[in-house]
1. Among (1) part of a helix (DSSP H, G or I); (2) within 18 Å of the chain's Cα centre (by Cα), which single condition is residue 98 missing?
2. Please state which one of 68, 85 is among the charged types (D, E, K, R), open to solvent by 50 Å² or more (accessible area, probe 1.4 Å), more than 17 Å from residue 308 (Cα to Cα) and touching a strand residue (DSSP E or B) at 6+ places or on another chain (Cβ under 9 Å).
3. Restricting to the range 211-226, and then to whatever is buried (at least 20 other Cβ atoms within 10 Å of the Cβ) and touching a Ser or Thr at 6+ places or on another chain (Cβ under 6 Å), can you tell me which residue is nearest to residue 179 (Cα to Cα)?
4. Could you list, in sequence order, the residues of the range 12-38 that are surrounded by 17 or more Cβ atoms within 10 Å (Cβ to Cβ) and either farther than 23 Å from residue 120 by Cα or touching a strand residue (DSSP E or B) at 6+ places or on another chain (Cβ under 7 Å) (or both)?
5. With the requirement that a residue be modelled with pLDDT under 95, under 16 Å from the mean Cα position of the chain (by Cα) and assigned to a loop (DSSP other than H, G, I, E, B), what does the range 267-309 give you?
6. Name the pairs whose Cβ atoms lie under 9 Å apart, with the first residue in the range 149-163 and free of Cβ contacts under 8 Å to residues at least 60 places away in the same chain and closer than 10 Å to residue 201 by Cβ, the second open to solvent by 80 Å² or more (accessible area, probe 1.4 Å) and not in a loop (DSSP other than H, G, I, E, B), and 6 or more positions between them or separate chains?
7. Applying the selection to the range 227-259, what residues are small (Gly, Ala, Ser), surrounded by fewer than 22 Cβ atoms within 10 Å (Cβ to Cβ) and not in a helix (DSSP H, G or I)?
8. For residues in the range 182-210 being of a type in the set (A, V, I, L, M, F, W, C) and out of contact with any Asp or Glu (no Cβ under 8 Å at 6 or more places or on another chain), which is surrounded by the most Cβ atoms within 10 Å (Cβ to Cβ)?
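The values are calculated or read from the model by the stated rules, or taken from the named source; none is laboratory data. Just so it is clear, the structure is predicted and the values come from calculations on it, not from any experiment. Cβ placement follows ideal geometry from the backbone for every residue including glycine, while neighbour counts extend to all protein chains displayed. Heads up: the accessible areas ignore ligands, DNA and RNA and are worked out on the full protein's heavy atoms, side chains in. Shrake-Rupley method; radii C 1.70, N 1.55, O 1.52, S 1.80 Å.
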Amino acid sequence: MEIRDYKPGDENQILSLFELVFGKPMQPAYWKWRFNDNPAGKHMIKLMWENNQLIGHYAVSPVSFSLEGKRELSTLSMTTMTHPEFGGLGIFGLLANALYNQLENELNVKAIWGFPNNNSHYGFIKNLKWLNLGQQSHLIIKANRIKAESSLQINTFQKFEDEHANLISKACDQFQVKVLRDKDYLNWRYVQSPTSVYEKFEYRMHDELQGFLVVKKYPSSLNPGVYDLYLTEIGFPKESAGLLKSFLSHIVSFYGQPEATINTWISLFDNRYILFEKAGFEPGGKPTYVGVRPHPDHKDVLSDLRNWYFSYGDSDVY
C-alpha cells in the first residue's frame, strides 16, 4: 500500500470509489467546484493505493477564517472513504495523519474542523487528537405559525457584493472564530454551486441594504410533497431585529408551504438567538457533533464553542 497526494486525473477513481462506498454518485461538477475551484485553495487530498487500485481517500476543503481578528487558513474535514475489501487495516488513520502533518507543518493550517457523523466521531476524538466542541442543535418553527405576507422591501438577488459581506461580518463580529464570508466566498458557496439551489433575499430601505437571508429547500421526510426551508445564512445584525419577522413572513408567502418547517443553526451564545426564540423557534432535530483539531498556539480560543460562529453553509451537507 502506498500513500500519495492527488494528481490530475485521480478524480475518476475517486468518484468511482465514492459510488462504491456510499451507494450513490458524486457529480463531477460538484467535485470540481468543491476541490478545484475553491477560492481558499484546492486539492488537499491524500490517497491510498494498492498497485493501481484506489483503496482509501481523505480530503479536506480549505477555508479562510478569522481567528482573533486575523485572516488564517483552516480546513473543513470532508470525505473519508475506504474500499470495502480493505477495511480494518487502519487506512483512514494513516491517511489522516499524513494529511494533517502536511497541513499543519507545511501549510500552517490553524484548525482542522468539521461535523463528524456517528460513524466517524469516535475515531476523530479517540485517534486523531480532535476535541469535542459540543453539539449544534437546529432551531425549528412550523411555517403555519407565521403570517404569510409579502414585503415590498424584500426582493431576491443573484450575486453577492461587498455590501453583503460587510453586513454579515457585522452580524457575527462578536465571535473570535468564523469563516471569512467575503463576496468571493459567498458567491462560490451560494451562486456557483453546481448541485444546490439557494434562494437569496435582501431587504433594502431607500436602496440601502439592511439585511439578507439565504434559503435552501429540502423535501420533507414527514410530509410528502412538502419542502422544508433551511436558513443557511442570516445576514443581519441584532440591531435590525425587526427584519426577522419581515423575512419570515415574506419567505412563507414566497414558497407557499404552510405545512413546512423553517430551520436554522444559530448559537445559543449569538446575541441574535433571543430574536429567534421570541419569534417562536425552538430547539429540535437531530443534534450535530462539532469538533476541531486546533493549532497548539490557539488551543484555548479554538476549543471553546462560545468563540465559534457557524451557519448551515459551513457544512458541506447543506
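1. (2)
2. 85
3. Among those that are buried (at least 20 other Cβ atoms within 10 Å of the Cβ) and touching a Ser or Thr at 6+ places or on another chain (Cβ under 6 Å), it is 214.
4. 14, 17, 18, 33, 34, 35, 38
5. 267
6. As it stands, the answer is 156/254, since those pairs meet every condition given.
7. Across the range 227-259, the qualifying residues are 241, 256.
8. 201
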